[in-house]
Amino acid sequence: MNNYFIGILILLLSGFAAGLFNRKFKTIVMSVLAAAGSIFCLIPAIDVLSGSRALSRTFEYNQVFGQVTFSIDHLSAFFILVITIMSMLSVIYANGYLKNYLESKNINSHLVFFPMLIASMLLVVTCQNSLLFLVFWEIMSISSFFLVIFDSSKKEVLQAGVKYLIFMHISVIFIIIAFALMSIKSGSFDFASFNSVMQNNTSFANIVFILAFIGFGTKAGFVPFHNWLPEAHPAAPSHVSAVMSGVMIKMGIYGIIRMIILTGTPSKMIAFGVLLAAVISSLYGVLYAISQHDLKKLLAYHSIENIGIIGIGLGAGMLGQAYSNPLASLLGYSGAILHVLNHSIFKELLFLAAGNIYLKTRTKDIEVLGGLIKVMPATAVLFLIGSAAICAFPPLNGFISELLIYLGLFRTLEINHLPVMLVVFFAISGLALVGTMAILCFSKVFGVVFLGMPRSEKSANVTSDCGLSMTIPMGILAVLALLIGVYPQFVFFDIKHIVYCVFPMDLVNLMQVSMVPLNIMQIVACFAILFIAFVTVIVLLKYYLTKGKKVMHITWGCGYNRVNTRMQYTASSYAGPFLSMLKPLFKKIFDIEKPKNLFPSSAHFHLEIEDIEEAYIINPLLKLDEKFLTKFESLQSGNIQSYLKYGLVFLLAVIIVSLLIG
Amino acid sequence: MIIKLLVNLIILLFVPFIMTGLINKTKAFWAGRKGASVFQPLYDFVKLVKKDFVVSKTTSAVFNIAPVFAVASVLFAGLFVPLATGNAVIITPGDVVIFAYTLGLGKFMMLISAMDTGSSFEGMGASREACFSAIVEPAFFMLIASVMVLTGIPTFYSLYGVVSSSGIYGILVAVFAVIILFIMLLTEGARVPVDDPDTHLELTMIHEVMLLDNSGLDLALFSWANSIKVLLISSLIACLIIPFNIPVVLHILCYLLVAGFIAVAVGTVESGMARIRMPHVFEFIFIMSSLALVVISLVMAKVFGG
């Protein structure tokens, strides 16, 4: 546990230490120190995961907070593992990325807040005191806010940042209310004491769970609380969006899992609710991802989709628990927990690749890209691996967790209860639809960005790939993705203990129940290795046998030989048929200038798709809010005396009210 | 065991050619022609493999490896399906997921290889293919999941139990399941009325237009992979029709008969109707989803209604 606190301290100080050095070394100092801090924190987590008992340490903090306990159980250790590995890699990557931004005025604060974000996430997953948990939660939100507005000279970046901040603060209100309700009942701020309160009173537990789910779900990006996500991620620098999407939104998932642990056996209604919300989130996320042309926005919508998939796993697990089907629970929970790790691996990989593309082309609009595989081969291959993983193709990691979740859903079908069956059928078909839509989306992205010919100057002018300091962390992520896909049985073996933490059953039973998935994992492992071997052998064979039989020629244009690059299929046209099928779900904003006269000089077409929730719910609400608030405009006189007067009136009112009640 | 495996493998590798040949023969019959031999697709394959091939300068390595992935994905997906002898090589719960996602990998590689040429026609084909296959999958999963509930077997073998296990419900489910799988076969196999393999106009194609730039070995591999996929889906249909506990030789015969019958059916459909207009293809494929819902309600009726 000492190592852990040393690590946190190093992380908190690393940014300030970096400030002491001159421009050249700043980022390197921060990277080295932050990576070292992460390693220190990783040591106890690996201890716990490799089988030792849960670690914990209690401090007598002060009168207000009472006893403060930091503990690392299997669940915390797993999240520490995810946070530290992903942060370490993105910190190394940041080194290369920030080279281009050393002149920026925000660089110093960026270097302070980045390790602070990592440290606050590490504290959130170990803190067992609800009040201090909220403090760390706030530090996490605020430090990430400053990271988002790194490029604060741009108006849209600032707007996205403020929107993020507002969403986070609305969400934290729900968490505060949930925690307050529990601590009033139990008379303590400690999570351990919440346990008994929650388990004895079902309706109370339900209300608290719903509140906490809204709070944590906003952080995680469940629909309909997802709106901040597709704006904050594109605004932030790539390594920050990688950490935010790969790790930070998982803190919401962590919170939800903690709530499941606190409630003991979740009630049936809650399980239904979580499953439905998750299916809707994943469908909504992938649908909007297909419609986007902004690479990072598209990836952000995919985060919503994947959070939904994690939620489906949790929902299957909760259904299994509520209807006492232990195998379904084990499969659902382990799928969800493994998907947390898997999603952070491939999403970070994809965001970092997007960062490479942005650095080289200075654009995030995929419509103007093309043909990058020829000049950026490393980035292209890594992006391809990332997209195959996110589409859940064997033999990569995404497949393993989705397989576990499917198996969990199939098992919940054994529950002989009509509503369960209907919901689960919905979930299964939803998950299948999400999978195929992800194929559509990533074939679009990869095809348009990396293949074909450059669609504009921006991509035609790229001459080289990014440096090794940026591609090596990505390479490590790709290898991790492949390893989990090829050796799922070992991963599952560890995940089992984490699930045990969420869903305690006696160990003999756990061993018995986990035999089924373990067998399947072994089969999948053999399958994966055979598949890789087969493909490699055939590709090599094909290469040697067809040497010299190839004739190079231009692409077949149906006899038309003056094909130019603008004639290629674009992202909008690729997604067109699918989007037109689901017309009512989108709000389209066209920007068209039609060709005029006999010799048209200029014409353009641009299609932007707006989130329906934003267009029809959030924006009208904001308008209403603005209308209401402008009525109070006259109060804001700019006169300090009158402000003091308001303060006095308010204080008097409070005193009178409390006397009256009192 | 090994003999069974070999028989399955040989049938999996060669029957697809004959099925394609049979479809063409059927079409020739309805058109009043004599038609080419049923082995013609096999001759074509051999000829294509021997040929040199033209590759577009725009393409990258993706274009080169995609055909291999296409073949590998159908062969490996085939490991999980009960084939000619009624045995699957690998039997495990969740086989439907591995099957579908492995096929998905092959499809993904094919889509991006089409995008690799930078041709607008191929991009169009890829876009349509991705779009249509996206709506096939949910219905397929619903079907298999409901069959699993009906029979209580968590693998593809549940298809065998449908008719025998649950009386009138079983027979009804089997009928709808055959229709669903047949539509899936038409969609995934790129046949009329979803797609027309014989059209000469690039604008109206789906699958063929994605392969415009493939020639020689690449083209051979892609079309072979596609016909193997058709055989795999026919195998699933065969599971529904053939009784489970019959001697192996009889099973193989029945299997070949079913495959032949399906080929004739595809050929007949192709001769009898034209390709649906592109905007209406969705409606045709959505028949699958609606029938899958019917299957689910039948299963519910059986499980909860008695």
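Quick grid of which residues meet (1) over 15 Å from the mean Cα position of the chain (by Cα); (2) more than 9 Å from chain A (Cβ to nearest Cβ); (3) in a loop (DSSP other than H, G, I, E, B); (4) without any contact (Cβ under 8 Å) to a residue 24 or more places away in the chain:
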{"site": "B:ILE10", "(1), (2), (3), (4)": "yes, yes, no, yes"}
{"site": "B:SER37", "(1), (2), (3), (4)": "yes, yes, yes, yes"}
{"site": "B:PRO41", "(1), (2), (3), (4)": "yes, yes, no, no"}
{"site": "B:PRO67", "(1), (2), (3), (4)": "yes, no, no, no"}
{"site": "B:LEU75", "(1), (2), (3), (4)": "no, no, no, no"}
Practice prompt. Scan A:PHE114, A:PHE16 and give me the residue that is surrounded by 24 or more Cβ atoms within 10 Å (Cβ to Cβ), in a helix (DSSP H, G or I), of a type in the set (Phe, Trp, Tyr) and touching a residue at least 24 places away in the same chain (Cβ under 8 Å).
Written response: A:PHE114
Worksheet entry | Set A:VAL434, A:VAL420, A:VAL449, A:VAL424: member being over 21 Å from the mean Cα position of the chain (by Cα), within 30 Å of B:SER120 (Cα to Cα) and among the β-branched types (Val, Ile, Thr) | A:VAL449
Worksheet item: Looking at the range A:40-62, which of the residues that are within 15 Å of A:LEU123 (Cα to Cα) and exposed (fewer than 14 other Cβ atoms within 10 Å of the Cβ) is modelled with the lowest pLDDT?
Response: A:PHE59
Item to complete: For residues that are assigned to a helix (DSSP H, G or I) and more than 9 Å from chain A (Cβ to nearest Cβ), scanning just the range B:145-162, find the one that is surrounded by the most Cβ atoms within 10 Å (Cβ to Cβ).
Response: B:LEU159
Response to the item:
Restricted to the range A:550-589 and to residues being within 28 Å of the chain's Cα centre (by Cα), part of a helix (DSSP H, G or I) and in contact (Cβ under 8 Å) with a residue 60 or more places away in the chain, the residue farthest from the other protein chains (Cβ to nearest Cβ) is A:LEU585
Response to the item:
Only unsatisfied item for A:GLN522, checking (1) surrounded by 21 or more Cβ atoms within 10 Å (Cβ to Cβ); (2) facing chain B (nearest Cβ under 10 Å); (3) at pLDDT below 95, is (1)
Worksheet item: Would a scan of the range B:225-239 turn up a residue that is modelled with pLDDT of 95 or more, within 14 Å of chain A (Cβ to nearest Cβ) and either crowded, with 17+ Cβ neighbours inside 10 Å or within 18 Å of B:ILE11 (Cα to Cα) (or both)?
Response: yes
Discussion item. Looking at the range B:272-306 only, could you name the residues that are assigned to a helix (DSSP H, G or I), over 19 Å from the mean Cα position of the chain (by Cα) and touching a residue at least 40 places away in the same chain (Cβ under 8 Å)?
Written reply: B:GLY272, B:MET278, B:LEU293, B:VAL294, B:VAL295, B:ILE296, B:LEU298, B:VAL299, B:ALA301, B:LYS302, B:VAL303
Discussion item. So in the range B:78-100, with the set limited to residues that are touching a residue at least 60 places away in the same chain (Cβ under 8 Å) and over 21 Å from B:HIS251 (Cβ atoms), which one is farthest from the other protein chains (Cβ to nearest Cβ)?
Written reply: B:VAL96
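Which residue, of A:ILE439, A:ILE476, is surrounded by 23 or more Cβ atoms within 10 Å (Cβ to Cβ), under 21 Å from the mean Cα position of the chain (by Cα) and of a type in the set (A, V, I, L, M)? It would help to see each step written out before you state the result.
Values: A:ILE476 fails: surrounded by 23 or more Cβ atoms within 10 Å (Cβ to Cβ).
Within the list A:ILE439, A:ILE476, the selection yields A:ILE439.
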Worksheet item: Hey, among A:GLY475, A:GLY430, A:GLY447, which residue is in contact (Cβ under 8 Å) with a residue 12 or more places away in the chain, part of a helix (DSSP H, G or I), within 21 Å of A:ALA378 (Cβ to Cβ) and within 14 Å of chain B (Cβ to nearest Cβ)?
Response: A:GLY447
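Tell me, please, whether a residue that is free of Cβ contacts under 8 Å to residues at least 40 places away in the same chain, part of a loop (DSSP other than H, G, I, E, B) and out of contact with any Ser or Thr (no Cβ under 6 Å at 6 or more places or on another chain) can be found in the range A:531-540. Working first, answer last.
Filtering the range A:531-540 down to residues free of Cβ contacts under 8 Å to residues at least 40 places away in the same chain leaves A:533-540.
Add one more test, that the residue is part of a loop (DSSP other than H, G, I, E, B), and what stays is none.
Within the range A:531-540, not a single residue is free of Cβ contacts under 8 Å to residues at least 40 places away in the same chain, part of a loop (DSSP other than H, G, I, E, B) and out of contact with any Ser or Thr (no Cβ under 6 Å at 6 or more places or on another chain).
Residues checked against (1) outside any helix (DSSP H, G or I); (2) more than 8 Å from chain B (Cβ to nearest Cβ):
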residue	(1), (2)
A:LEU352	no, yes
A:LEU359	no, yes
A:PRO394	yes, no
A:LEU407	no, no
Worksheet item: Going through the range B:119-141 one residue at a time, which ones are crowded, with 24+ Cβ neighbours inside 10 Å, aliphatic (A, V, I, L, M) and over 17 Å from the mean Cα position of the chain (by Cα)?
Response: B:ALA126
Item to complete: Would you be able to say whether some residue in the range A:73-81 is part of a strand (DSSP E or B), within 20 Å of A:ILE46 (Cα to Cα) and among the polar types (S, T, N, Q)?
Response: no
Worksheet item: Which one is nearest to A:PHE189 (Cα to Cα) among residues in the range A:29-82 that are under 23 Å from the mean Cα position of the chain (by Cα) and polar (S, T, N, Q)?
Response: A:SER76
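From A:PHE493, A:PHE425, grab the single residue that is within 13 Å of another protein chain (Cβ to nearest Cβ) and of a type in the set (A, V, I, L, M, F, W, C). Break it down stepwise before answering.
Numbers: A:PHE493 fails: within 13 Å of another protein chain (Cβ to nearest Cβ).
Just one listed residue meets the conditions, A:PHE425.
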Discussion item. For the range B:222-268: of the residues being within 19 Å of the chain's Cα centre (by Cα) and polar (S, T, N, Q), which is farthest from B:VAL147 (Cα to Cα)?
Written reply: B:SER223
Fill in: Single condition A:GLU626 does not satisfy, out of (1) modelled with pLDDT of 85 or more; (2) within 12 Å of chain B (Cβ to nearest Cβ); (3) in a helix (DSSP H, G or I)
(2)
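Quick one: which of B:PHE121, B:PHE132 is more than 8 Å from every other protein chain (Cβ to nearest Cβ) and either in a helix (DSSP H, G or I) or in contact (Cβ under 8 Å) with a residue 24 or more places away in the chain (or both)? Can you show your working first?
Working: B:PHE121 fails: more than 8 Å from every other protein chain (Cβ to nearest Cβ).
Going through B:PHE121, B:PHE132 in turn, the sole match is B:PHE132.
Restricting to the range B:174-211, count the residues that are part of a loop (DSSP other than H, G, I, E, B) and farther than 25 Å from B:THR58 by Cα.
Quick first cut of the range B:174-211, residues part of a loop (DSSP other than H, G, I, E, B) only: B:189-201, B:205-206, B:211.
Subsequent filtering for residues that are farther than 25 Å from B:THR58 by Cα retains B:189-199.
Residues flagged as part of a loop (DSSP other than H, G, I, E, B) and farther than 25 Å from B:THR58 by Cα within the range B:174-211 amount to 11.
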Response to the item:
Of the listed residues (A:ILE609, A:ILE592), the one being under 27 Å from A:LEU440 (Cα atoms), crowded, with 17+ Cβ neighbours inside 10 Å, of a type in the set (A, V, I, L, M, F, W, C) and away from chain B (no Cβ under 14 Å) is A:ILE609
Discussion item. Looking at A:LYS547 and the list (1) assigned by TED's automatic domain parsing to the domain that holds A:LEU338; (2) part of a loop (DSSP other than H, G, I, E, B), which single condition is not satisfied?
Written reply: (1)
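Can you find a residue that is within 11 Å of chain B (Cβ to nearest Cβ) and out of contact with any Gly (no Cβ under 6 Å at 6 or more places or on another chain) anywhere in the range A:451-465? Talk me through it step by step, then tell me what you get.
Start the filter on the range A:451-465 by keeping residues that are within 11 Å of chain B (Cβ to nearest Cβ), which leaves A:451-455.
Still in the running and out of contact with any Gly (no Cβ under 6 Å at 6 or more places or on another chain): A:451.
Yes.
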Item to complete: Test B:ASN214 against the criterion of being more than 14 Å from the chain's Cα centre (by Cα), more than 14 Å from chain A (Cβ to nearest Cβ) and assigned to a loop (DSSP other than H, G, I, E, B), and give yes or no.
Response: no
Worksheet item: Right, A:SER401: at the interface with another protein chain (Cβ under 10 Å from one of its Cβ atoms) and over 30 Å from A:ILE554 (Cβ atoms) or not?
Response: no
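The values are calculated or read from the model by the stated rules, or taken from the named source; none is laboratory data. The structure displayed is predicted, hence computed values, not measured ones. Note that we place each Cβ from the backbone using ideal geometry, even for glycine, and neighbour counts take in every protein chain shown.
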